[in-house]
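S.K.: Have a look at this one.
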Amino acid sequence: MGVQNKQDSPDSGPEQKGVIVAHHGIAVDILFESGERRMVKVKRQAGHVVGDNVTVTGPRLFQLPRKTELCRRDSRGSVRIVGANLDVLGVVISPMPLPTPGYIDQAIVAARQADLTPVLVINKGDLENSKAFIEKVSATYGGIVDIFVVSALTGEGLSALTRYLGKGVRSFFVGITGVGKSSLLNAICPTLDLRVGELYEAGNRGCNTTTVSTLHSLPEGGELVDTPGFNEFGLVDISVADLAGFFPGFEAAMEGQCHFRDCRHRGEPGCAVSDLVEKGKIAKERYTTYLALFDQIQAGDDRFKTRR
Ligand code: GDP
Ligand code: ZN
């Protein structure tokens with residue numbers, strides 16, 4: 001079901017198909033299939049987001065059904081849709097600063113929950129201490145998700161990433177402050193021109209800051225959605241079943257090998273995950289991350305609740 005944008009004026013002109021490339025509160029910027037780009041007025045809370053496919057007939061805007069929506073929680077705890085019809089979530093990490101414990105796992109679960117393909121992008125591959133970090137990450141996540149080792153600084157590894165994104169995917173990148181996400185996005189998408197090294201600044205401007213998502217076409221194909229000032233990424237509306245089903249590294253065990261079909265992998269008899277942990281095929285620390293997240297979600301921790 002699409003959302004009709006109620007307008008009193010009669011239909012006029014032919015129907016045009018397009019995609020929302022920016023949202024300005026009372027108007028959306030639409031890139032039409034014809035190549036034309038134009039603003040169309042919308043109601044402020046009409047719920048349109050960047051990446052939405054729409055048809056426009058005169059002043060009427062009609063939103064087409066979404067394939068995916070990626071949600072995030074803002075600093076006040078409200079849930080917002082970051083973008084519609086995204087395909088790939090790029091999780092940017094670096095040896096300096098290191099990802100916070102559980103960050104990678106949560107990002108992968110969030111992507112899978114939203115039906116996006118998660119990929120890991122290890123930035124700052126030029127740093128001397130990066131080797132050990134790359135090895136550790138590859139040992140844990142290799143074969144589970146695609147991993148790109150890059151340096152936004154030297155350009156190393158960027159062509160493999162742009163080739164991947166160029167296969168017609170629409171992507172969104174997350175990463176904790178300082179990993180070089182802005183530098184990386186600037187390197188792959190010159191029209192973005194993000195400011196580098198603005199640590200914590202975006203969050204400190206009070207409530208006047210409106211973060212506008214924008215959709216960009218990449219020079220070598222594919223598209224990128226960016227939301228300035230968006231660094232931290234939490235799980236939204238996650239259930240323990242989602243966590244059990246999407247936790248990276250549990251894939252081998254998921255293929256119907258647990259004795260109970262709705263196994264939560266917490267010591268149930270015949271659990272294939274416990275078996276892999278015992279055999280050392282799933283690292284103990286990752287299993288501990290899983291159990292801790294599980295407990296928080298089950299306890300109804302505020303972080304996982306929704307205030308729309
Ligand atoms: P963001 O907070 O994730 O957007 O990170 P920025 O792009 O602002 O970069 C944070 C700092 O890391 C800046 O000082 C950048 O110059 C530096 N940086 C970014 N990418 C690289 C890289 O590939 N290698 C190195 N050595 N430094 C980088
Ligand atoms: Zn199990």
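Any read-out appearing in this document is the output of simple, stated calculations on the displayed coordinates, not a laboratory observation. Predicted model only: the values in this text are computed from it and were never measured. Don't worry about glycine lacking a Cβ; one is built from the backbone with ideal geometry, like all the others, and counts go over all protein chains shown.
S.K.: Given the -39500 (n - 2.57) contribution per DSSP H run of 4+ residues, what per-residue ellipticity at 222 nm results for the chain, rounded to the nearest 500 deg cm²/dmol? Could you put the intermediate results ahead of the total?
M.R.: Working: 8 runs with 72 residues, N = 308.
The helix-only estimate for the chain comes to -6500 deg cm²/dmol at 222 nm.
S.K.: In the calculated pair distance distribution of the stretch 69-234, what percentage of Cα-Cα distances lie above 28 Å?
M.R.: Numbers: 2039 of 13695 pairs.
Cα-Cα pairs in the stretch 69-234 separated by more than 28 Å: 15 percent.
S.K.: While we're here: In degrees, nearest 10, range 0 to 90: what is the angle between the Cα axis of helix 284-298 and the longest Cα principal axis of the chain?
M.R.: The helix 284-298 is inclined about 50 degrees to the chain.
S.K.: Over the C-alpha atoms of the chain, what are the Rg and the largest Cα-to-Cα span, Dmax, in Å?
M.R.: 20.9, 68
S.K.: List the lysines whose Cα lies under 22 Å from the Cα of K181, skipping any in the same chain that are fewer than 8 positions away.
M.R.: K124, K131, K136, K167
S.K.: Would you grab the residues whose amide H sits under 5 Å from the one on I30? Only those 5+ places off in sequence or on another chain, please, with H modelled 1.01 Å from N.
M.R.: Counting only residues 5 or more places away or on other chains, the set is V21, R38, M39, V40.
S.K.: In whole Hz and in residue order, list the ³J(HN,Hα) couplings for the stretch 135-148 that follow from phi through the Karplus curve 6.51 cos²θ - 1.76 cosθ + 1.60, θ = phi - 60°; x for Gly and Pro.
M.R.: Values per residue, Gly and Pro as x: 5, 5, 5, 5, 5, 7, 10, x, x, 9, 9, 5, 10, 10 Hz.
S.K.: Follow-up question, since we're still on this one. Would you please calculate the Kirkwood hydrodynamic radius of the stretch 6-63 over all C-alpha pairs and express it in Å, rounded to one decimal? Kindly include the intermediate steps, with their values, before the conclusion.
M.R.: Working: mean 1/r = 0.0889 Å⁻¹.
One over the average 1/r among Cα pairs gives 11.3 Å for the stretch 6-63.
S.K.: Determine which lysines satisfy two conditions relative to K17: a Cα distance under 17 Å, and not lying fewer than 8 residues away in the same chain.
M.R.: The reachable lysines, counting only those whose Cα sits under 17 Å from K17, are K41, K67.
S.K.: Kindly provide the trypsin sites (Lys or Arg not before Pro) of the stretch 16-46 that DSSP labels as loop, not H, G, I, E or B, and whose Cβ sees at most 14 other Cβ atoms within 10 Å. Mind showing how you got there, number by number?
M.R.: Values: sites: K17, R37, R38, K41, K43, R44; in loops: K43, R44.
Here the sparse-neighbourhood loop sites are K43, R44.
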